Structures are given as C-alpha cells and as structure tokens.
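Asks: My questions will all concern the structure given below.
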Amino acid sequence: MGRTNEEVKVGLVVIVAVLLFLVALVFVGGVNLLRKKKIEYTSYFKFAGGLEPGNLVRYGGFKVGNIKSAALDPTDSTRIKVVLQVNPGTPIKTNSKARISSLGFLGENYLEISPGTRDAAPLPPGSEIPAVEIVQLADVFNNVNNITLTSTKLVNDLDERVLTLSDSANQLIRNLNDVVSPENKQHFNSVLASSDSMLKESRPHIEKTLANLETVSGKMSPTIDNLNGTIGRANKLTDHLDGVIVENRKEIRETLLRLQTSLAEARKSLISLAR
C-alpha cells in the first residue's frame, strides 16, 4: 500500500513538471502551441540595422509579432530580406511602411510598421511591406562634414569678396581725399579766381564790341532805306522801259532784269550784314 502511494506521488510530480515545462515553453520560449498561426510578410532593406530573428515587430508601437528571418536576398545581394510574422487581425494596409526603429539610444532595434490610412485596403498575407530606410550616423556625419566644407568654402569666398570690396572702398576714399585735399582746393580756387579776372578784363572789350555793332547797325539802317528807294525807282524805271522798248530790243530788257536781280542780291547782303 505504501508503495502505491509513493508511485502516485511520483506520478503527480512528473505531471506537474511536464505542465510547468509546457507553460514555460508557451509563455517564456514563445512556442506557439495553443495560439493561432501567425501571418507572414516580407520587407527589403539596404541596411538591416542589426535586426535578427526573434526581434520584435510593432504596429503603431504595440507588439504584434517577431522577426522570423533576416538574411541577404538570394536574388539581389545589395539588399536584406526580412521575413516577419504578425498576429492574425493586425490591420496592415497597402500603404503601411516598415522601418527599423529602437526604444531609446541603448534599446534593441525592432521593426516598426506604420498603420497607413483608414481608407486604404488591407495588405494580403505574404505580400511585401515597402521599407523606409533609416538614416545611419555615418551618413549624418558625412553630410555634416560636407556641409561644413561647403560652409567653409562659402565663408572663404565671402571673405575674399569682402576684402576686395574693402580694398575698392579704401581706394575710393583715397581718391576722394585726393580730390578734396587742400592742394586741390587751392588749385580750384586759383582757377576760379583766374576765370573771374579774365571775365573782368574781357568785359570792357566785349561791351565795346557790342556798342560798335550797335553803331554799325544804326548806320546800316539809312543805307538800307536808300537802297530800298533805289530798288523801287529801278523797278519803276523797268516798268516804264518795258512799255517803251519794243519787242525787238530784248537785249536791253534782259540787261535791266539782270541789274534788278543784282540790286536785290545786294540788298539781301546788306540786310545780312546788318543782322
């Protein structure tokens, strides 16, 4: 009887141990014994960011699955093929994106799936989730270095242009100083004084010349009047002779006409001199 009780106790211990082992496998080891089969998706990255099988997959920040595998793509060695498994019912959309992220600087990397938009259609199981490449620190440092080099070049170019502009400004200031120097001022004053003296010296001669011109103009007026009278008398004489001279004395008439023309030209010349 005692032996039977010991066997029963041993059997109970074994059963409890087996149950505890199964519980540990399910909850600690992640063995999928009682859960529904997970849905697989694929994503491709140029840089895997340390993703390994077993890393978490999050959807909108919540745990929804794990990384099944991460290895070089057999068809394209320039990218990493990542196969992920998510819980059934995870609403992954056709415009959802997969990106590598981490919780804090020292946290383990995981795969984050964006929810997409509400109106987008669900993504069929086994489909590819488009990847968003992460920015590596090396690329950031390279970009910062390139920006620094470019900024340094711009600053150097700006310094050269500022120096050139400064030299030009200094030269302009020197030229202005030369123009307004006491020597130049004195020279300008002397030129102005000479001009004033020349005007003062020439003013009597100019006034005398103008007076002579006015006198000549006054004397020319009677001469022009006399010439006008002479021309008038010549015109009358021509008219009288035209009535007297017969048609066969054309030479005399032409001579008188030439005389009339000469007197008219002489009149114009005298008027021009008077002006």
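The values are calculated or read from the model by the stated rules, or taken from the named source; none is laboratory data. What you see is a predicted model; the values in this text were computed from it and never measured. Side chains included, ligands, DNA and RNA excluded: accessible areas come from the protein's heavy atoms. Shrake-Rupley method; radii C 1.70, N 1.55, O 1.52, S 1.80 Å.
Asks: What single numbered condition from (1) modelled with pLDDT of 70 or more; (2) open to solvent by 90 Å² or more (accessible area, probe 1.4 Å) fails to hold for E133?
Replies: Of the numbered conditions (1) modelled with pLDDT of 70 or more; (2) open to solvent by 90 Å² or more (accessible area, probe 1.4 Å), the odd one out for E133 is (2).
Asks: Next question. Could you tell me which residue of the stretch 75-128 is least open to solvent (accessible area, probe 1.4 Å), considering only residues that are acidic (D, E) and farther than 16 Å from L56 by Cα? Break it down stepwise before answering.
Replies: Step one: list which residues in the stretch 75-128 are acidic (D, E), which gives 76, 108, 112, 119, 128.
Checking the rest, the ones that are also farther than 16 Å from L56 by Cα come to 76, 119, 128.
Working: D76: 54, D119: 139, E128: 99 Å².
It comes out as D76.
Asks: May I ask you to say which residue of L210, L199 is modelled with pLDDT of 70 or more and either open to solvent by 60 Å² or more (accessible area, probe 1.4 Å) or assigned to a helix (DSSP H, G or I) (or both)? Outline the logic, then answer.
Replies: Numbers: L199 fails: modelled with pLDDT of 70 or more.
Just a single option satisfies the conditions, and that option is L210.
Asks: Quickly run through the stretch 60-79 and pick out the residues that are within 43 Å of the chain's Cα centre (by Cα) and either more than 16 Å from E112 (Cα to Cα) or modelled with pLDDT of 90 or more (or both). Write out each step before concluding.
Replies: Restricting attention to the stretch 60-79, the residues satisfying the condition of being within 43 Å of the chain's Cα centre (by Cα) are 60-61, 76-79.
Once the filter is applied, which keeps residues that are within 43 Å of the chain's Cα centre (by Cα) and either more than 16 Å from E112 (Cα to Cα) or modelled with pLDDT of 90 or more (or both), the stretch 60-79 yields D76, S77, T78, R79.
Asks: Taking the condition of being open to solvent by 70 Å² or more (accessible area, probe 1.4 Å) and not basic (K, R), how many residues in the stretch 37-53 meet it? Don't jump to the end; show me each part of the working.
Replies: Of the residues in the stretch 37-53, the ones open to solvent by 70 Å² or more (accessible area, probe 1.4 Å) are 37, 46-47, 52-53.
After this cut, where a residue has to be not basic (K, R) as well, the list is 47, 52-53.
Going through the stretch 37-53 one residue at a time, the tally reaches 3.
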